[in-house]
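Enquirer: Have a look at this one.
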Amino acid sequence: MAVDVQGAAVALPYVEKAGATYPVVVDAANHVAGELLGQKVIPLAALIDEIGVLRFVHVGGPDAKVMRKIDQILEEVPAPAPRAPATLLTSDLRNRVAARPEDVALRLRFASELTARGDTKGARGELEKAADLDPESWIPPFRLGMLQLATGKKDEALANLKRSLLLDPGNFLIRKQIWAIENPDRFYEGSVDYSWQQKKMREEAKGG
């Protein structure tokens, strides 16, 4: 699983370098790493099987040792029997939101469904409502920033990602996403510049 709000295109070189021989999920919306696993740092390696069972988590880059561990798990764990995913039609979700308008989690789910169907305007509306309903949560502004980034609204996206970081200042996963958008040369041109990240972290700790 790769985490990057900018999507598969920027994550692909790292996946290829790691030598992955199996499907890799790009968790652009930070659903799994941040919301389900509660992780606040990257890199993070996680192995999730076909039915959504978490088999392995490693906080750190997908180095050769981690890749061998994942290969070992794939060889030892029997493949689970496939099952149909639990889904709701867009109309069902719309009706549920109408019946429970204060349910933030439901609005977030509806926003994801609308995004998947290409209704970015509707998704943005749901995310903005979710942010109003739960102003202390980092999740709605993060998702809103991701949506805006995908639609080419970089400045608005950064503003919402920074708003998300203010709500959860210890979340380095969000912080590094912001750095990567503002300073792509430090992340996507050759090796990741960890020395620069350490310097940046010290500057921000001092209010710089």
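The values are calculated or read from the model by the stated rules, or taken from the named source; none is laboratory data. Just so it is clear, the structure is predicted and the values come from calculations on it, not from any experiment. Please note: Cβ atoms are built from the backbone with ideal geometry, for glycine as well, and neighbour counts cover all protein chains shown.
Enquirer: List the helices (runs of 4 or more DSSP H) inside segment 107-202, counting only whole elements, that have at least 2 residues being under 13 Å from residue 30 (Cβ atoms).
Expert: In segment 107-202, 139-150, 154-167, 172-182 are the helices (runs of 4 or more DSSP H) which contain 2 or more residues that are under 13 Å from residue 30 (Cβ atoms).
Enquirer: So is residue 114 crowded, with 22+ Cβ neighbours inside 10 Å, among the aliphatic types (A, V, I, L, M) and not assigned by TED's automatic domain parsing to the domain that holds residue 181 or not?
Expert: yes
Enquirer: Among the residues of segment 171-208, write down those that are of a type outside the set (A, V, I, L, M, F, W, C) and over 29 Å from residue 17 (Cα atoms).
Expert: Scanning segment 171-208 gives 202, 203, 204, 206, 207, 208.
Enquirer: (1) closer than 20 Å to residue 190 by Cα; (2) of a type in the set (D, E, K, R); (3) at pLDDT 70 or above: which one isn't true of residue 68, the others all being true?
Expert: Every condition holds for residue 68 apart from (1).
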